[in-house]
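K.L.:
Okay, here's the structure, questions in a sec.
Here, each number is a calculation from the coordinates, and none is a lab measurement. None of these values were measured; they are calculated from a predicted model. Note that each Cβ is placed from the backbone with ideal geometry, even for glycine, and that neighbours are counted across all protein chains shown.
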Amino acid sequence: MGFLEHLEELRKRIIRSCIAIGAGMLVAFLFMDRIADFVLMPTLRMLPAGSTLIYTKPGETLSFYLNVSFIGGAVLAAPYVVYQVWLFIAPGLYANEKKFVIPFVALASAGTLCGALFTHYVLFPAMIGFFATFKPRQLTFMPRVEDTFDLYQNMMLAMVAVFQIPTLVFFLARMRLVTARFLWRNIKYAILIIFIIAAILTPSSDPWNQTVFAAPMIALYLISIGIAWLVYPKGEKTAPAPSSSGALRLVVAATVLDQARKRRNAGPTRHE
């Protein structure tokens with residue numbers, strides 16, 4: 001398949017994914033009131049007494065409804081979108097690797113759902129509750145719907161990406177780029193990086209809150225080690241590479257033979 005064919009295939013997969021997300025948005029829009037209540041409930045529960053969400057622009061609520069329906073449509077269409085991604089990369093895989101389409105779609109879809117639920121029930125309410133603690137007596141905390149939902153959306157996208165770690169390891173292990181032994185050997189560095197990320201995401205300096213945020217990431221890393229151990233190709237040993245000394249001997253021997261051949265061919269010419 002040439003470069004233009006790859007572009008055409010990519011265009012086809014993107015168009016189909018967009019159509020699926022659009023169809024999901026229409027379905028989500030039919031249940032907009034319930035979905036909006038579901039999205040806003042954790043935030044409203046963490047606001048102090050007397051506070052509520054407000055909007056100050058005429059089209060702010062319409063924008064909120066469209067964004068919520070987009071997230072709902074993306075979640076509904078996630079399995080199909082992941083399947084389109086698989087169809088795009090499958091032609092570059094071996095026949096025995098294409099059978100992993102079901103685990104790939106299942107892992108990616110589960111990661112998307114778990115990342116969204118973790119943001120909705122744990123991460124975002126904790127952040128809103130932390131911001132609500134800074135309440136001077138002269139001021140009333142009434143966040144705008146647009147600002148609040150933008151923060152909610154960005155955090156959800158980030159956590160959905162984090163929860164794709166098992167899917168990424170699944171592919172890297174199948175391509176022999178990582179092994180379970182490598183991941184286990186470097187687990188201490190992974191935990192350090194995870195706690196640094198948790199410290200950045202956690203609004204408070206409480207170590208217990210940081211642990212709450214870091215625990216799912218550590219669990220994902222451990223799950224990834226198990227996935228790498230399960231899917232790494234076994235029984236397919238590669239031929240050992242020749243040592244540098246052996247390669248050097250081959251080069252020297254080839255040079256000596258070549259020089260001997262040239263001398264033998266040049267001898268009769270000088271004699272004549």
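K.L.:
For the range 3-231, rounded, prolate or oblate, judged on the Cα gyration tensor with a ≥ b ≥ c (square roots of eigenvalues), a/c < 1.5 rounded, else prolate if a/b > b/c?
P.N.:
It is oblate, given that a/c is not under 1.5 and a/b is not larger than b/c.
K.L.:
Among Phe88, Phe149, which comes first, then next, by fewest other beta-carbon atoms within 10 Å?
P.N.:
Going from sparsest to densest Cβ surroundings: Phe88, Phe149.
K.L.:
In the range 129-188, which trypsin sites (Lys or Arg not before Pro) are in a loop and have at most 16 other Cβ atoms within 10 Å, using DSSP for the loop call?
P.N.:
Qualifying residues, ordered by number: Arg137, Arg176.
K.L.:
For the range 155-171, what does the Karplus curve 6.51 cos²θ - 1.76 cosθ + 1.60, with θ = phi - 60°, yield as ³J(HN,Hα) per residue in whole Hz, taken in order and with x for Gly and Pro?
P.N.:
Once rounded to whole Hz, the list reads 5, 5, 4, 5, 6, 4, 5, 5, 6, 8, 4, x, 5, 5, 5, 4, 5.
K.L.:
Measuring from label point to label point, each 7 Å out along Cα→Cβ, what is the Phe131 to Ile14 span in nm?
P.N.:
It is 3.3 nm.
K.L.:
Tell me, what HN-Hα J-couplings in whole Hz come from the Karplus equation 6.51 cos²θ - 1.76 cosθ + 1.60 at θ = phi - 60° for each residue of the range 116-122, using x for Gly and Pro?
P.N.:
Per residue, the Karplus-derived 3J(HN,Hα) values read 5, 5, 5, 5, 5, 9, 10 Hz.
K.L.:
Another question, then. Could you put Met41, Met127, Met46, Met159 in order, starting from the residue whose Cβ has the fewest other Cβ atoms within 10 Å?
P.N.:
Met41, Met46, Met127, Met159
K.L.:
Normalised by the number of residues in the range 82-172, what is the relative contact order in percent for Cα pairs under 8 Å and 6+ residues apart?
P.N.:
Reported as a whole number, the value is 44 percent.
K.L.:
Straight-line reach from Lys234: which lysines have Cα under 22 Å away, leaving out those fewer than 8 places along the same chain?
P.N.:
Lys234 reaches Lys98, Lys99.
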